[in-house]
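Beneath this line is the structure, given in structure tokens, with notes to follow.
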Amino acid sequence: MKLEPIVLSLLDTDLYKFNMDQVIFHKHTDLSGEYYFRCRNEGIRFTREMFEEINAQIDHLCTLVFTKEELDYLRSIRFIKGDYVEFLRLWRPIRDYVETALHEDGTMDIIVRGPLFSAMQFEIYLLEIVNEVYFRMQYDYAALRASAEEKLNQKIADFQAGKYTFQFAEFGSRRRLSREWEDVVIRRLTTETKNCVGTSNVYFAMKYNLTPIGTYAHEFVQMYQGIDSIPLAFTNHYAMEDWYDEYRGDNGTALTDTITTDLFLLDFNRAMVNNFTGVRHDSGDPFAWGDKLIAHYEKYGADPKQKLLLFSDSLDFDKAQALYEYFKDRAKVSFGIGTFCSNDTCEKPLNIVIKLQYVNGRAVAKLSDTPGKAMCRDPHYLDYLKRSVEFRLQRGC
């Protein structure tokens, strides 16, 4: 079963990839990175046919370059700078950076190694490829598509009836059923409701004249763990300093949980509270997290009603509505909702990730506020990072 090309444009990725890459391009071109694929679902098996198709799709991905129209669009985004766009004119995905292997038990390895400014760009493209290949070749795609459409119809009806009143952005590229289905979802949610205010996918933002939405991911904070001169427990500080220096408060939503929110708050001082427009939640109890951030803003005399709480951790519309009702009178509230929008079918979605694991040959890790989300290939390093975080938290400075 040969599929049509899945990734047709290098804009078919999340905005935060460009945001982070621009900082790396300006400040950290000496860093190299290694990313590893993981499927968190139990019992998932990839067939030889799937594996060969995934490799063929990666081959095609690495023939793509940015078009003039795409570069002009990136240049139109107010915080994307001209020299970085000129770099992207020359950049392309390099096939030699990606290694794949299929094991007898049906598990699959994907490893990306290369300069960090290039290796980091593969993540979303590869996840889009793996997910679509799996669902098209494992199931009756027409039946999946029909079930997804039935569910989308109900979601839109619920918005139109006033059941849901929150605003959100579509964050579903990495685990979408397919490119064509994500296209339908974004078009319909943004035209048939007043609640979907944009998408993280830059290609669809350009196609439908929407706001592309995103700031940075865990890998951005993780990469500072690989810089010799930076103490492990202070990586949030250096990440936010570089981010603010690059964007000067524009594009200013900080991710709190890379090495726990409690540690993040030690570095989210008065200056950073004022420099960043809001914060993003991605693990742990969202209600407790929001209460903690509101108290932190109040501690520094900042009005929480002028700050954004952006929730993005495995949300569906019922969870989002409950969070909105709880926080709407205390802060600005928005949501990034992914798989529930782009791959809600009669079958369980895959929980697949590609995570940064080494920088300049040194192990890096994410701790997060949910212990099960920790991912590190070096248990000794993970233990050392935990002890570094605990030591600084005990000192409280």
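The values are calculated or read from the model by the stated rules, or taken from the named source; none is laboratory data. A quick note: this is a predicted structure, and the numbers were derived from the prediction, not measured. Glycine also receives a Cβ, built like all others from the backbone with ideal geometry; neighbour counts cover every protein chain displayed. Just the protein is used for accessible areas: all its heavy atoms, side chains included, with ligands, DNA and RNA removed. Shrake-Rupley method; radii C 1.70, N 1.55, O 1.52, S 1.80 Å.
Tell me the residue from Asn153, Asn131 that is more than 27 Å from His60 (Cα to Cα), of a type outside the set (Val, Ile, Thr) and either in contact with a Phe, Trp or Tyr (Cβ under 7 Å, 6 or more places away or on another chain) or in a helix (DSSP H, G or I) (or both), please.
Asn153
Results for (1) in a helix (DSSP H, G or I); (2) surrounded by fewer than 21 Cβ atoms within 10 Å (Cβ to Cβ); (3) within 16 Å of the chain's Cα centre (by Cα); (4) hydrophobic (A, V, I, L, M, F, W, C), shown as yes or no for each residue.
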position	(1), (2), (3), (4)
Gln225	yes, no, no, no
Asp228	no, yes, no, no
Asp250	no, yes, no, no
Ala271	yes, yes, no, yes
Val279	no, no, yes, yes
Trp289	yes, no, no, yes
Glu298	yes, yes, no, no
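In the stretch 31-46, what residues are closer than 29 Å to Ile227 by Cα and among the acidic types (Asp, Glu)?
Glu34 - this is the single residue of the stretch 31-46 that is closer than 29 Å to Ile227 by Cα and among the acidic types (Asp, Glu).
How many residues are in a strand (DSSP E or B) and not polar (S, T, N, Q) when one looks only at the stretch 85-111?
The number of residues fulfilling the criteria is 8.
Which of the residues that make up the stretch 29-54 are assigned to a helix (DSSP H, G or I) and in contact with a strand residue (DSSP E or B) (Cβ under 6 Å, 6 or more places away or on another chain)?
Phe51 - this is the single residue of the stretch 29-54 that is assigned to a helix (DSSP H, G or I) and in contact with a strand residue (DSSP E or B) (Cβ under 6 Å, 6 or more places away or on another chain).
In this structure, does Gly114 turn out to be open to solvent by less than 10 Å² (accessible area, probe 1.4 Å), more than 18 Å from Arg38 (Cα to Cα) and not in a helix (DSSP H, G or I)?
Spelling it out, it is not the case that Gly114 is open to solvent by less than 10 Å² (accessible area, probe 1.4 Å), more than 18 Å from Arg38 (Cα to Cα) and not in a helix (DSSP H, G or I).
Do the conditions hold for Met108, that is, is it open to solvent by less than 40 Å² (accessible area, probe 1.4 Å), hydrophobic (A, V, I, L, M, F, W, C) and over 19 Å from Thr13 (Cβ atoms)?
Judged against the criteria, Met108 is a match.
I'd like to verify a number: residues in the stretch 1-39 that are open to solvent by 60 Å² or more (accessible area, probe 1.4 Å), modelled with pLDDT of 95 or more and not β-branched (Val, Ile, Thr), how many?
Residues in the stretch 1-39 being open to solvent by 60 Å² or more (accessible area, probe 1.4 Å), modelled with pLDDT of 95 or more and not β-branched (Val, Ile, Thr): 6 in total.
Scan the stretch 186-223 for residues that are assigned to a strand (DSSP E or B) and open to solvent by 10 Å² or more (accessible area, probe 1.4 Å) and jot them down.
Cys196, Val197, Thr211, Pro212
Which of the residues spanning the stretch 162-185 are of a type in the set (S, T, N, Q), under 25 Å from Glu123 (Cβ atoms) and open to solvent by 20 Å² or more (accessible area, probe 1.4 Å)?
The answer is none; no residue qualifies.
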